[in-house]
1. Could you tell me which residue out of S170, A64, G16 lies farthest along the dipole of the stretch 4-234 toward its positive end? Charges go on the beta carbon: Lys and Arg +1, Asp and Glu -1, centred on the Cα centre.
2. Let me know the shape class of the stretch 37-154, please: from the alpha-carbon gyration tensor, a ≥ b ≥ c as square roots of the eigenvalues, rounded when a/c is under 1.5, otherwise prolate if a/b is greater than b/c, or oblate.
3. Taking N as the number of residues in the chain, what is its alpha-carbon radius of gyration divided by 2.2 N^0.38 Å?
4. Charges at C-beta only: +1 for Lys and Arg, -1 for Asp and Glu. How large is the resulting dipole of the chain about its Cα centre, in Debye rounded to 20?
5. Taking Cα centroids, how far is the stretch 131-169 from the stretch 20-87 in Å?
6. What list do you get for C226, C62 if you sort them by fewest beta carbons within 10 Å?
7. Of S71, S113, S30, how do they rank once you tally other Cβ atoms within 10 Å and put the fewest first?
8. Calculated FRET efficiency, D60 and E132, Cβ-Cβ r, R0 35 Å, to nearest 0.05?
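FYI, it's all coordinate maths here, none of it is from the lab. Here the structure is a predicted model, which means the values were calculated and not measured. Neighbour counts run over all protein chains shown; Cβ positions are idealised from the backbone, glycine included.
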Amino acid sequence: MKETLFEIKNLRVSYGEEEIVKGVNLNLKSNRLTALLGLNGTGKTTMLKAICGLISSKSDKCHALGVDVRSLNEKKRATYISYVPQRSNFTYNISTLDVVSMGFNPHLKFMQSPSSKQKQYAKKVLGTLGLEEKAESDYLTLSGGQQQLAILARAIVQNAPIMFFDEPDSALDFPNHHLILNRIREVIENNNACGLITLHDPNYALTYCDEILLLKDGTIIEAIECRKESKEDIKRKLSVIYEDIEIIEYKNRYYVVKEV
């Protein structure tokens, strides 16, 4: 039986007078990857940042493994939750390996540095993403896609049981789209973790995720069980946010195409 790792009730986020996220409820279970789909401006990134404590929000409940994470400091929260943003905010020179090794920080004491064994593991994780040769390179010299892969490596090293990803594939080419999503899938399964990932392409969600949540106007309006629902039900639900689509089946998988 899959265990609930993360639960939030009645999440609300406002910017001034405007409410962006409107009473969202979320329950994430172990060994499952959930996609959050929605058109631009529907509140996907805002929702993730609020859940991770990066922006102000209100909720009736926000529990990670039964612990109210709202009461935790940033370092303690990071032992439960990792977050991969759309873009990193590094503006100074630092090696790629040091960026990845920052994932160990929540588990280190004050002023303690990662051990040589930990750095070797960080380098190994970079290797699984095709970046081992870039370990000693300046992070700022990497391409946008390579930087995204390095930030994913940092989250893997962090080893939090609850993982949030905000369009981690947005700067990647076609092969690396599949590389990063395959790797995320493996990490979730191997660590019995849970993940919530925002994506733009419903086909990646149907291929790599267990569940899809559809966000519209700051509210989750539908949920899709990717491996259990019929082609007709998937089309009906996705049509709430995507107009003029058709669902096709290929090798026991469903794919979304735009009618032209």
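1. Towards the positive end, the residue furthest out is A64.
2. oblate
3. So the Cα radius of gyration is 1.02 times the expected 2.2 N^0.38 Å.
4. 960
5. 20
6. Final ranking by Cβ density, sparse to dense: C226, C62.
7. Result, fewest neighbours first: S71, S113, S30.
8. 0.20
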